[in-house]
Amino acid sequence: MAINKILVVDDVATDRMHLREILTDAGYLVITAASGKEALYLATSDKPDLIFLDIVMDDMDGYQACRKLTSGELTKHIPVVMVSANKQKVDKLWAQKQGARAYVTKPYTSDDITIQVQKFR
């Protein structure tokens, strides 16, 4: 599967822009969303090849959004990588149960992010 377009979802603008910069510098087309609801809309309308999804957000947390993305007919094929400051094993396991294919903890490096993309190429 070729990865060209990536959706970055985070309610914190600086975190969203940091991920966008890393991925853009690596040569990917990046679209961003500031909420779980916006992520669901963009995932169906813009059809990204991969999604980086924050967990802690106000309107719909990343777990809820991941569950909807990985069970939705139009989005279930899109791999989701959860991104969070939560480092507990239970958080990673819960993300996996919601359908996430990988988990990255903050703070992360550029290499941490690009390695995740390469897993799905």
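With the full set of protein chains in place, find how many percent of the accessible area of segment 6-46 is carbon and sulfur; take the probe as 1.4 Å.
53 percent
Can you give me the distance in nm between label points at TYR41 and MET1, each placed 7 Å from the Cα along the Cα-to-Cβ direction?
Label at TYR41, label at MET1, 2.5 nm between them.
With n ≥ 4 as the cut-off for DSSP H runs, can you work out [θ] at 222 nm for the chain, using -39500 (n - 2.57) per run divided by the number of residues, rounded to the nearest 500?
Taking each H run of at least 4 residues, the total per residue is -13000 deg cm²/dmol.
Considering amide H positions built from the backbone, and no H for Pro or chain starts, which residues 5 or more places from GLN98, or on another chain, come under 5 Å of its amide H?
none
Relative contact order, percent, of segment 28-88 when contacts are C-alpha pairs under 8 Å separated by at least 6 residues?
Rounded, it is 36 percent for segment 28-88.
Quick one: 3J(HN,Hα) in Hz for segment 92-105, Karplus 6.51/-1.76/1.60 with θ = phi - 60°, rounded, Gly and Pro as x.
5, 5, 5, 4, 5, 5, 7, x, 5, 9, 7, 8, 10, 9
Assuming 0.36 nm per residue, please report the length gained on full extension of the stretch HIS77 to ASP15 beyond their Cα-Cα distance.
Extra length available between HIS77 and ASP15 comes to 19.8 nm.
Taking θ = phi - 60°, what integer Hz values does the Karplus form 6.51 cos²θ - 1.76 cosθ + 1.60 yield along segment 58-63, in sequence order, with x for Gly and Pro?
Ordered by residue, 3J(HN,Hα) equals 6, 5, 8, 6, x, 4 Hz.
Search the structure for amide H atoms under 5 Å from the amide H of THR32, placed 1.01 Å from N in the peptide plane, and list their residues when 5 or more places away or on another chain.
Long-range HN contacts for THR32: VAL8.
Taking every pair of distinct Cα atoms and averaging 1/r, then inverting, what Kirkwood hydrodynamic radius in Å comes out for the chain?
For the chain, inverting the mean 1/r across all distinct Cα pairs yields 13.8 Å.
Under the Karplus relation 6.51 cos²θ - 1.76 cosθ + 1.60, θ = phi - 60°, what is the ordered set of whole-Hz ³J(HN,Hα) values for segment 24-33, x standing for Gly and Pro?
So the Karplus estimates, Gly and Pro as x, are 5, 4, 7, x, 9, 7, 10, 10, 10, 9 Hz.
Keeping every protein chain present and rolling a 1.4 Å probe, give me the accessible area per residue for segment 34-121 in Å².
Here the per-residue accessible area is 54 Å².
Eight or more residues apart or on different chains, and alpha-carbon atoms under 18 Å: count the Lys pairs in the chain matching that.
The result is 19.
So who's got an amide H within less than 5 Å of the one on VAL56, skipping anything under 5 residues away but keeping other chains? H placed 1.01 Å off N, in plane.
Answer set, sorted by chain and number: GLY62.
The values are calculated or read from the model by the stated rules, or taken from the named source; none is laboratory data. This is a predicted model, so every value here is computed, not measured. When we count neighbours, we look across all protein chains shown, and the Cβ atoms used for this are built from the backbone with ideal geometry, even at glycine. Side chains are part of the model used for accessible areas, which takes the heavy atoms of the whole protein and leaves out ligands, DNA and RNA. Shrake-Rupley method; radii C 1.70, N 1.55, O 1.52, S 1.80 Å.
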